[in-house]
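I have placed the structure first, in the form of structure tokens, so that the comments after it can refer back to it.
Read the figures in this text as sums done on the coordinates, not as results from a lab. Please read all numbers here as calculations on a predicted model, not as lab measurements. When we count neighbours, we look across all protein chains shown, and the Cβ atoms used for this are built from the backbone with ideal geometry, even at glycine.
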Amino acid sequence: MFESIDYPNKHNPELDENARHRFQELREAITGRSQIIWGEHCSECAAPTCYAACSFYAPRHEDLNCGRFAKGIRKGNTPGGVRLATIKFRKWGKLQGKGPVGLKSPRYAERREKLDDVVSDAISRWIPSVAVRRFKRRWNKHKIDSSSHPVFRADAFVIEGWLPDAHGSLSLTLTVMPADETGDGLFQDNIDFGPGYNRKIVPVADITRWVDLLQPYVIKIEPLENAIGKDITFGMMEFVTFGKRVDEVPSSRPAAAQGGAAKAKCVVWDLDNTVWRGTLAEDGPEGLVLDERVPGIIQELDRRGILQSVASKNDMEPALSALEAFGLTEYFLYPQIGWDPKSTGIRRIAELLDIGLDTFVFIDDQPFERAEVHERLPSVAVLSEADLPTLLENTLFDVPVTAESISRRSMYQAEQQRKSTFQSSSVDYVEFLRGCDLVVEASVLSDTVMERAHELSQRTNQLNVSGRRYTRDELEAYQASDDSLVGYIFSCRDRFGNYGIIAMCLLDEDKAHIESFMMSCRVQRKRVEQAIFSWLASRLAGAGFDYMSVQYKQTSRNEASVRMLEELGFSYRPNGPQDGVFVRSTHDPIPESDVVKVLDRIDTCDSGAVC
């Protein structure tokens with residue numbers, strides 16, 4: 001809800017159908033709204049006394065107020081009647097409101113909005129112009145006073161907005177602080193908007209850690225540099241309670257980018273009332289009871305090669321002690337235990353594991369922790385503890401079980417040791433890699449590695465150049481083929497441990513054309529790709545080819561494969577908007593390919609297996 005403006009100013013943006021639906025669905029999901037009264041403010045001064053003193057005062061034509069917002073707050077509606085406000089920030093312009101605020105029912109809040117429209121319009125039309133501002137101030141004060149209430153049981157602060165495609169992305173800052181600006185209490189978070197509909201949900205618990213929302217406070221939304229001068233259409237900007245599970249509200253992202261589109265590679269667990277019953281901070285370690293369903297699920301996921309971690313709002317040391325007491329510590333890689341948003345912890349886990357967020361699953365008992373992750377990381381699949389009884393039957397976890405999958409966790413634990421060793425060393429990264437004694441073994445596709453080859457084809461997303469996923473029957477046909485199509489398999493090891501089979505190449509030897517190449521991300525940037533392609537180039541050069549090519553087809557996840565090939569010296573030749581080939585000379589050396597030793601087992605293994 002906004003302060004009354006001093007002149008009629010309407011703006012109904014041309015929203016697409018998805019945006020109209022998203023604005024409407026949020027209204028249908030909530031049971032309480034705070035209706036903060038937002039007003040036009042300046043970051044540098046205090047109106048109206050600043051008008052006489054500020055050298056930057058620029059009166060707006062419509063109402064003679066300082067033009068902190070170009071054209072002021074332009075109110076509008078969706079075709080379904082959802083209230084909108086379009087704002088074009090100028091330098092130093094910001095939105096600001098006050099608290100504490102109580103929650104109103106959606107029906108009562110809608111009646112207040114309609115009454116505000118009637119009163120604001122009457123003041124503008126029937127009050128003498130010299131008295132309009134005085135009456136507007138009185139009416140705004142009445143709205144603010146009537147919003148105050150000592151009871152506050154909101155679940156989250158939500159802000160939604162829409163941008164025209166031409167604007168690109170922009171950023172704003174959300175700030176909540178005590179009204180008297182004393183003490184250390186201050187909550188801040190970034191709001192990143194892209195073209196189309198956007199929604200950000202901030203759990204109230206994240207704010208109340210820093211600011212007492214039952215005491216007077218100020219809440220601000222301020223543009224960063226890239227947001228100034230662009231039309232932003234805001235919808236709801238309020239504290240709310242939700243009447244339905246927020247993770248049931250669909251995301252605006254395309255279906256191909258939703259969590260669940262890819263098989264799971266990592267499950268991130270909440271702890272309180274999910275892994276165990278009880279709350280560590282309130283019940284203490286002695287008051288916790290392990291959920292009897294959880295150990296079996298964790299062990300089975302581990303057997304299937306699905307990595308696991310923790311994102312929990314607790315103190316690190318007692319939480320790890322509790323996990324150790326329950327015998328679960330060894331299963332969790334890079335646990336993120338602290339007081340940051342769960343989405344921050346999950347993003348950090350993804351960075352450390354070096355796997356895509358679209359292969360993550362998050363399990364939490366709290367609807368608004370799920371909502372926070374769902375909104376900030378929409379490609380992560382979000383489940384609740386109520387899904388535990390049927391979790392292992394979920395198609396997300398329907399993955400082949402191989403020797404590599406059974407030992408996958410130990411491989412990543414060895415990677416943790418590698419990183420720790422490097423961080424404690426004084427040598428540069430390439431020299432560290434040379435000291436790791438990295439070895440790649442090349443062999444042909446065979447029965448003994450068929451299951452892992454099939455798994456690699458199904459699980460590889462980022463470094464899958466052709467985007468192909470092969471069935472086991474298709475791979476067996478390659479193996480049995482008498483023509484020029486050959487499948488190569490690459491395994492890797494170093495002094496810390498064995499990575500297992502990490503790459504597959506399907507090559508047409510008569511054309512020096514790689515039909516498919518896929519490689520596990522866990523060896524990326526270790527110069528393994530340099531070694532493999534140098535070996536392939538040398539093999540093809542020996543057969544009389546001056547150039548080699550790699551088939552490419554764009555997917556929503558394989559952008560990293562493009563960067564890899566470009567770094568290896570390939571150049572792109574498009575066949576269409578989303579496919580083409582990458583080409584390079586077989587004679588030009590690939591820098592740093594000697595960091596990793598390649599053992600050619602093509603002719604020494606009778607079975608074609610990795611020796």
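Key figures
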| item | result |
| --- | --- |
| Environment charge of Val82, counting only residues whose C-beta is closer than 11 Å and scoring Lys/Arg +1, Asp/Glu -1 | -1 |
| Within-13-Å neighbourhood charge of Val581 [Cβ basis; K, R +1; D, E -1] | +1 |
| Distance (nanometres) between label positions extended 7 Å along Cα→Cβ at Asp180 and Trp210 | 2.1 |
| For region 504-524 and region 264-300, distance of Cα centres in Å | 42 |
| For region 255-399, share of DSSP beta bridges that run antiparallel, in % to the nearest 5 | 10 |
| Added length on full extension, which subtracts the Cα-Cα distance from 0.36 nm per residue, Ala543 to Glu476 | 21.6 nm |
| Förster-model FRET efficiency, 60 Å R0, Asp437 and Thr31, C-beta, rounded to 0.05 | 0.45 |
| Residue pairs, from the table Lys263/Lys313; Lys220/Lys265; Lys71/Lys114; Lys526/Lys553; Lys313/Lys553; Lys75/Lys98, whose Cα atoms sit over 31 Å apart | Lys220/Lys265; Lys313/Lys553 |
| Rounded, prolate or oblate (a/c below 1.5 giving rounded, otherwise prolate when a/b exceeds b/c) for region 280-354 by Cα gyration tensor | oblate |
| Separation of the Glu567 and Asp165 label points, Cα + 7 Å toward Cβ, nm | 3.3 |
| Cβ-defined net charge surrounding Glu324, 14 Å radius [Lys, Arg +1; Asp, Glu -1] | -2 |
| Estimated FRET transfer efficiency when R0 is 45 angstrom, pair Ala281-Leu115 (beta carbons, to 0.05) | 0.55 |
| Hypothetical label at Gln188: residues of region 209-241 whose amide nitrogen lies under 20 Å (7 Å Cα-Cβ projection) | 209-213, 217-228 |
| Extension gain, Asn273 back to Gln299 (0.36 nm per residue minus Cα-Cα distance, nm) | 7.4 nm |
| Spin-label pair Lys91/Glu14, simplified geometry with 7 Å Cα→Cβ offset, distance in nm | 3.3 |
| Per-residue Cβ neighbour rank within 10 angstrom, fewest leading, Met177, Met316, Met519 | Met316, Met177, Met519 |
